[in-house]
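The values are calculated or read from the model by the stated rules, or taken from the named source; none is laboratory data. These figures come from a predicted structure and were not determined experimentally. All Cβ positions, glycine included, derive from the backbone under ideal geometry; neighbour counts span all protein chains shown. Areas reflect the complete protein model, heavy atoms only, side chains present, ligands, DNA and RNA absent. Shrake-Rupley method; radii C 1.70, N 1.55, O 1.52, S 1.80 Å.
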Amino acid sequence: MENKRAVAAYINYYLNNVTGSIEDIGYFSASADAQQESFTTWERATGLTQSTAENLYPATGDIVVSGSSTVAPISRQMAENFQAAGGYTGNITVESIGTEAGFKKFCVDRSVDVVDASIAIPEVYSAACINAAMSPVTFQIGTDALPLVVSTKNTFVEALTTEQVQRIFTKATTWNEVDQAWPADKIFRFIPGAESGTLDFFIEEVFGTNLYEQPVEVMNEILAANLSAGRMRALEAEKPMATRSQEEIGKILQTEVVKPKVVQTWGLFESIFRRNEVLAEAATLPAGTDLVFKSWLNWNFLTSPQSSNPLQAGINTAIWGSLWVTIIAFLVAVPIGVMAAIYLEEYSDGKGRVNRIIETNINNLAGVPSIIYGMLGLAVFVRFLGEITSGVAFGVTDPATANGRTILSAGLTLGILILPLIIINSREALRAVPRAIREGAYGLGATRWQTTWSHVLPNALPGIMTGIILSVSRAFGETAPLIVVGVSTFIVVRPDSMFSKYTTLPAQIYQWTSRPQPEFQNLAAAAILALLLLLLALNATAILVRNHYAKRV
Amino acid sequence: MSISATTTVDGRTPAADSAKYAISAKDLNIFYGNFHAVRDINLNIERNKITALIGPSGCGKSTVLRAFNRMNDLVPIARTDGEVLFHGANIYAPDVDAVEVRRRIGMVFQKPNPFPKSIYDNIAWGAKINGFKGNMNQLVEGSLKGAALWDEVKDKLKQSGYSLSGGQQQRLCIARAIAVQPDIILMDEPCSALDPIATLRIEDLMRELTEHYTIIIVTHNMQQAARVADYTAFFMVDDSRTGHLVEYGPSKQIFTQPKDKRTEDYITGRFG
Ligand SMILES: Nc1ncnc2c1ncn2[C@@H]1O[C@H](COP(=O)(O)OP(=O)(O)OP(=O)(O)O)[C@@H](O)[C@H]1O
Ligand SMILES: [Mg+2]
């Protein structure tokens, strides 16, 4: 407990004497207001006033100060002076380990007495402190600044907007590119070394804090500084750096340099309702870890291809695969299914042996487990018709897909799968058309086809479309048969033809859920939401179209 | 039995009949599956006259009526034996197209069944599928006038046929039938869903239509048959519920001096 008095005494000394020394070291004093506030804070925290501060002496006990390397020099100076001033016997250590590390030692390890900080306490550590029943108090001891200097020989630059500064440090090579009124002289820039915190601060101030929002030039520089020349050449060969967009380069930066890794995740419930505990736990993780509250279902997730890094993995390729497969299934099943239903309802008398067999089989097929369709698809489309479904017969020669495990095979398989559903639903809809409408048409001398086309079909259309919507949704969500006919789970390129390899959203979800890491579980959950939203959107559109038709009839 | 006594076709050759009559049934037998619905119908329908088919429920009036334009073909289990002669040809001959028959012999149903389309399209559609090439507006107007509906709908031809009242819908169906310009119009209880005023309008209309058309009407309403029909045919069922024709002749005679006891019983309301 002795040490508490010592700390209070040390800080009081610090506050009273820092103004004298801080400018010698190279910083500015805090404003008068800030100084006043510091004293008030100190008085409130210690229950003493400046006049009763004398009671703290004599003080003993070691004091450990830790944190920012920026603040360390002044703290060392103050510690030295404090010890020299007398009244205190003990040892003060001032470590220079970085602000965040300092906070961690303070709030989590609780091994230091004072933190030197160059930033306000991050939420993670204030939560950890609260969790440890500590309420840290803050004293501002000074500020620093970063000047931007123009040569005295430069006669025209008087004031610069942030935008102009950005241009000077990126694209512009001559002054007139910054402002038309200025001469076309070359800009000479002198900036501190890349390791300097000053540069970081400058970039942050001028370009914002988000690394990926930085100008292409800045990101390119970071890439060049961090990647081997060979890797840079490889990237350049893939697509010249100069032609890549800011977003693309940002992605490279993320995958090649930042390489974020998930060390721990918390669920939605914990993130919302037990945030303090999450923050406290996060504070115990090794320094350099960022706590990010992240919605897995975001734009990036929808637009990125599959990736083995859960932070970059997306469902773009899966969405495209699903759409391709579903559209082919639709194109196969809808015309055949509706025509079959029309034949069975309007033309066939249901008496012939063949007709009866067909009817029985359609009803039975609707109840066959979908995996069986997968077997059928494997045998017929993948193996037997492999030449056609892999496109070899049409001159497509891609050895990777030549084995028939293509979008076409999957689409055909799902088409066959939903065919009986479409037939049964369509027949139901046709049957629901009142007899009177048919008789009215026949009574006027209409042929079967005229009657069907002009009256029966328009009347049955809403019902038929309902059946189609249900069936296509089924195809969209089907997984088991696709696994049999060879859906790939790891596809990073968007399928571009029906002879492409593919993955689908449900298959992707299946694959992610089978991974043990919780990040992939989160991805799967996000993908499930995306699947539901997509289905909802597709169905809503289809229903709108259907209602539009229903009204016109 | 009494059929031969009351029919007027006895002893005439079909060819001679067909010139004189609009349509004739000859030894017509109709079956629904194994059920013998009507038997041995011989019936000659006079041109440009209204002929009523009456009889107790289930005696096969509709079945016979529908036999006149092969509507029974649409019932999968129905089978027709015998002949129906129209312009001297049997419409059940194998080379005859039922569609063509129905174009020449139109039909109006018990329940008004306009298409779920505009009033205009209800009428134009039948003409269109029959290859009508003339002025469609004129045809629509003419047909609606023919069905005494024009004045009521001329300002709302684009509205749905469903927006009309029941009586108007039935007249729309009649207009639709005459737009195809058939020779004969079959009407199966066309007024049963209508109120007395609408019924009278349709009856007036039928009278007017006889100028151009032959009409065969099925009705349960004895007064209606007496009022509107030139000829009346009375049907009955026998013990096996098979319908047959009991008596056929001018309405005046059937309703005032029926030859058959059963006809008398029926028209005086003693049974049926
Ligand atoms: N589609 C059908 N399938 C089987 N039997 C039928 C069919 N239509 C009619 N029948 C039978 O044929 C017989 C005659 O029927 P129909 O409809 O011609 O009688 P109807 O005289 O018109 O009777 P209603 O006055 O009640 O209309 C009845 O016994 C009826 O049950
Ligand atoms: Mg009837």
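Helical content of chain A, expressed as a calculated mean residue ellipticity at 222 nm, amounts to -16500 deg cm²/dmol (DSSP H runs of 4 or more residues, -39,500 (n - 2.57) each, divided by residue number, nearest 500).
Cross-link partners of A:K501 among aspartates and glutamates, defined as those whose alpha carbon lies under 13 angstrom from its own and excluding same-chain residues fewer than eight positions apart: A:D398. Between the residues A:A145, A:A127, A:V114, the greatest Cα displacement towards the positive end of the dipole of the range A:104-154, with unit charges on the Cβ of Lys, Arg, Asp and Glu, is found for A:A145. The angle between the Cα long axis of helix A:229-238 and the main principal axis of chain A comes to about 30°, on a 0 to 90 degree scale.
In the full protein context, the range B:16-267 carries 39 Å² of accessible surface per residue, based on a 1.4 Å probe and ignoring ligands, DNA and RNA. Taking only protein heavy atoms and a 1.4 Å probe, the accessible area of chain A is 58% carbon and sulfur. Per-residue SASA remark: A:Y510, around 130 Å² accessible (1.4 Å probe; ligands, DNA and RNA not included). Among the cysteines of the protein assembly as shown, B:C59, B:C173, B:C191 have no other cysteine beta carbon within less than 4.7 Å of their own.
If you keep only loop residues by DSSP, which GluC sites (Glu not before Pro) in the range B:174-272 have at most 13 other Cβ atoms within 10 Å of their Cβ? All intermediate terms of the calculation are to be shown ahead of the outcome.
Values: sites: B:E203, B:E208, B:E211, B:E247, B:E264; in loops: B:E211.
Sites meeting the loop and neighbour criteria: B:E211.
Dividing the radius of gyration of the alpha carbons in the range A:32-154 by their Kirkwood radius gives 1.04 for Rg/Rh.
Scaling the Cα radius of gyration of the protein assembly as shown by the globular reference 2.2 N^0.38 Å produces a ratio of 1.65. Run down the lysines and flag those whose C-alpha is under 29 Å from the C-alpha of A:K4, throwing out any fewer than 8 positions away in its chain. Cα-Cα hits under 29 Å: A:K104, A:K105.
Averaging Cα coordinates gives a centre for the range A:323-388 and one for the range A:6-57; these two points are 85 Å apart.
The local environment of A:N425, defined by Cβ-Cβ distances under 14 Å, has a net charge of +2 under the rule Lys, Arg +1 and Asp, Glu -1.
If you keep only loop residues by DSSP, which trypsin sites (Lys or Arg not before Pro) in the range B:100-158 have at most 10 other Cβ atoms within 10 Å of their Cβ?
Numbers: sites: B:R102, B:R103, B:R104, B:K117, B:K128, B:K133, B:K145, B:K154, B:K156, B:K158; in loops: B:K117, B:K133, B:K154, B:K156, B:K158.
Filter output for the range B:100-158: B:K133, B:K158.
Would you mind working out the magnitude of the charge dipole of the range B:16-267 relative to its Cα centre, with +1 at each Lys and Arg C-beta and -1 at each Asp and Glu C-beta, to the nearest 20 Debye?
Numbers: 30 positive and 30 negative charges, 114 e Å.
Charge dipole, the range B:16-267, about its Cα centre: 540 debye, nearest 20.
Two numbers describe the Cα atoms of the range B:55-159: Rg and Dmax, which are 16.8, 48 Å.
Taking all protein chains together, B:M236, A:M134 sort by accessible area into A:M134, B:M236, largest first [probe 1.4 Å]. Solvent-accessible area lost on pairing B with A (1.4 Å probe, both sides summed) amounts to about 1800 Å². Within the assembled protein chains, the solvent-accessible surface assigned to A:E54 is about 130 Å², based on a 1.4 Å probe. Among B:L149, B:L200, the order of accessible area from largest down is B:L200, B:L149, computed with a 1.4 Å probe on protein heavy atoms.
Straight-line reach from A:K351: taking Cα to Cα under 13 Å and skipping same-chain neighbours fewer than 8 places apart, the aspartates and glutamates in range are A:E359.
Mind checking which of A:A550, B:F115, A:I272 is farthest towards the positive end of the protein assembly as shown's charge dipole, using Cβ charges of +1 (Lys, Arg) and -1 (Asp, Glu) about the Cα centre? Of the listed residues, the answer is B:F115. Shown for the range B:16-267 is the translational diffusion coefficient from the Stokes-Einstein equation, using the Kirkwood radius over Cα pairs, a temperature of 37 °C and a viscosity of 0.692 mPa s: 177 µm²/s. Highest mean first, the peptides A:146-155, B:221-230 sorted by other C-beta atoms within 10 Å per residue fall in the order B:221-230, A:146-155. Surface composition of the range B:16-267: carbon plus sulfur atoms hold 49% of the accessible area, using a 1.4 angstrom probe and ignoring ligands, DNA and RNA.
Charge tally around B:E141: other residues with Cβ under 15 Å, Lys/Arg +1 each, Asp/Glu -1 each, net +2. Of the options A:V262, A:G377, A:A234, report the single residue whose Cα projects farthest towards the positive end of the charge dipole of the protein assembly as shown (beta-carbon charges: Lys, Arg +1; Asp, Glu -1). Result: A:G377.
Which entries in B:K20/B:K111; B:K49/B:K128; A:K171/A:K259; A:K171/A:K261; B:K128/B:K158; B:K20/B:K261 show an alpha-carbon gap greater than 21 Å? Could you put the intermediate results ahead of the total?
Numbers: B:K20/B:K111 32 Å; B:K49/B:K128 28 Å; A:K171/A:K259 27 Å; A:K171/A:K261 33 Å; B:K128/B:K158 17 Å; B:K20/B:K261 30 Å.
Going by Cα-Cα distance, B:K20/B:K111; B:K49/B:K128; A:K171/A:K259; A:K171/A:K261; B:K20/B:K261 fall outside the 21 Å limit.
Separation of the range A:445-487 from the range B:81-149 is 32 Å, based on Cα centroids.
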